[in-house]
1. Give segment 161-218 a look and list any residue that's closer than 23 Å to Lys74 by Cβ, of a type in the set (Lys, Arg) and free of Cβ contacts under 8 Å to residues at least 60 places away in the same chain, or say none.
2. Return the only residue of Glu390, Glu395 being free of Cβ contacts under 8 Å to residues at least 60 places away in the same chain, in contact with a helix residue (DSSP H, G or I) (Cβ under 6 Å, 6 or more places away or on another chain) and among the acidic types (Asp, Glu).
3. Could you say which residue among Ile56, Ile23 is part of a strand (DSSP E or B) and modelled with pLDDT of 85 or more?
4. Only one of (1) surrounded by 17 or more Cβ atoms within 10 Å (Cβ to Cβ); (2) modelled with pLDDT of 90 or more; (3) not polar (S, T, N, Q) fails for Leu271. Which number is that?
5. Checking Gly28 against (1) modelled with pLDDT of 85 or more; (2) in contact with a strand residue (DSSP E or B) (Cβ under 7 Å, 6 or more places away or on another chain); (3) not in a loop (DSSP other than H, G, I, E, B), which test does it fail?
6. Can you pull out the residues in segment 131-151 that are modelled with pLDDT of 90 or more and either surrounded by fewer than 19 Cβ atoms within 10 Å (Cβ to Cβ) or not assigned by TED's automatic domain parsing to the domain that holds Tyr212 (or both)?
7. Among the residues of segment 152-163, are any more than 24 Å from Ile45 (Cβ to Cβ), aliphatic (A, V, I, L, M) and surrounded by fewer than 15 Cβ atoms within 10 Å (Cβ to Cβ)?
8. Yes or no: segment 313-324 includes at least one residue that is more than 30 Å from Ala106 (Cβ to Cβ), part of a loop (DSSP other than H, G, I, E, B) and aliphatic (A, V, I, L, M).
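The values are calculated or read from the model by the stated rules, or taken from the named source; none is laboratory data. Source: prediction; values computed, not measured. Heads up, the Cβs are rebuilt from the backbone with ideal geometry, glycines too, and the neighbour counts pull from every protein chain shown.
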Amino acid sequence: MKFEINKTLKISLIILIIILLSIISFMGVYVLDKGRMVNKVNNYILGMDLEGSRRIELAVNTSKQTIKYDKDGKEIASNDTETEVARQEEKAVNEETALTSSNYKAVKRILQKRLKTMAVNDYEIRLNENNGNITINIPENDNTDMLVAQIAYQGKFEIVDNDTKEVLMTNEDLKSAKAGYGQTQTGATAIFVNIEFNKEGTEKFKNITNTYREVKQTNEETGKEETTKKQIALNIDDSAILTTYFEEEVSNGILQLSVGTSSSSATREELQESLTRANNLATLLNNEKMPVVYKINQNQYIASEITNQNIAIFVSLSIVIITILMIYTIIKYKEKGILASISLIGYIAILTLVLRYTNVVITVNGIIAVVLSTILNYILTLKLLNSEKETFKKEILKFVLTLVPVFAIAVVFTFNNWLPIFSFGMIMFWGMIVSLIYNLSITRALLGSK
């Protein structure tokens, strides 16, 4: 009797776990965050063939800019309206010597590295080697606008004297940049970018922090003590993103930039947006400066040929097929068929959760891989239903061994850069890994108890 109770408790516990995982996977987990219900379960990452795409055309910047100089021959800042202009000259944004095929190829390579670092796995990039123009297709999602705004950045980093515009540090002084977050003294979450300088840059930055400070001095005419601030400006592509001075020496070679809001009332979405912006800035600084300056010539949304109605029909059809298989299994195998059907639902729930948290890009080919993985898992379940429980482990391992060629192909596809194949390979890889672990633990425990 005790043995029967233990078996019943074991089955009930496993079924409860499957139900909880299914609810999490198919419905999500919603919590109240800043007055709104937010799903804490990661979203699927959809490929361009499902989500639509953004086509960005980058053209070589052929314009000229007017450079103004004061009487001492120093360049006047574009926002300086007070200094008297002594002379000015027209200067091409891109020198003629920079417009070469090798530089165009270098820009393409740098853009590819930026996109990969920004976790954009699904993209297309084409280069016209004759004129240097570049066409990029990326998925349409919540971060697309932010990425488009930064994609054409040259990545030119400078720390300059805020008054004289003397260049104090450049990209050559950088070692790395990393985004992160932490708590402020008020308890708010702050998003930041830590810029770390190399050996030479660390020494330069140390000298800067000792020079650019708040200075108190006595006015000889009034006799009053006055405070002046000698400041630096941190520029990205000649646009200042920070103007500051230092209160103490910084000798560790790290400059911390605050990004976005640090208010305690900031929502999860606002913090995530700031973190994405910080990561994009870090990516910009961690990669090379582009040797050619570009401008965005076109920014166009391309709708997916697969509509929401198509997806709904496919999902509905899949549910009908799975339901039919489950009904067949229950009719043929009775109580064990019910447990096998519950196990199949649990497998689908766990696989889809794994796909959410391993950041696999879901394409049409990827959906086919999900269906194929489910069918293979169902075939294995039928083999277990027709076997003795003492041989379950042997049957599972035997079945997996027969799929070694499929597993090998999936691994090869995983390292293919063409996304549809990459998506198919990744999902088949995870499908078989989940199937092996899931059936050795969950399915074997369920069916072996009857």
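1. Hits for segment 161-218 are Lys204, Arg213.
2. Working: Glu390 fails: in contact with a helix residue (DSSP H, G or I) (Cβ under 6 Å, 6 or more places away or on another chain).
Result of the check over Glu390, Glu395: Glu395.
3. Details: Ile23 fails: part of a strand (DSSP E or B).
Answer to the selection: Ile56.
4. Checking Leu271 against (1) surrounded by 17 or more Cβ atoms within 10 Å (Cβ to Cβ); (2) modelled with pLDDT of 90 or more; (3) not polar (S, T, N, Q), the one that fails is (2).
5. (3)
6. The answer is Asn131, Asn133, Thr135, Asn137.
7. no
8. As a first pass, look at segment 313-324 and keep what is more than 30 Å from Ala106 (Cβ to Cβ): 313-324.
Narrowing further to those that are part of a loop (DSSP other than H, G, I, E, B): none.
No, segment 313-324 contains no residue that is more than 30 Å from Ala106 (Cβ to Cβ), part of a loop (DSSP other than H, G, I, E, B) and aliphatic (A, V, I, L, M).
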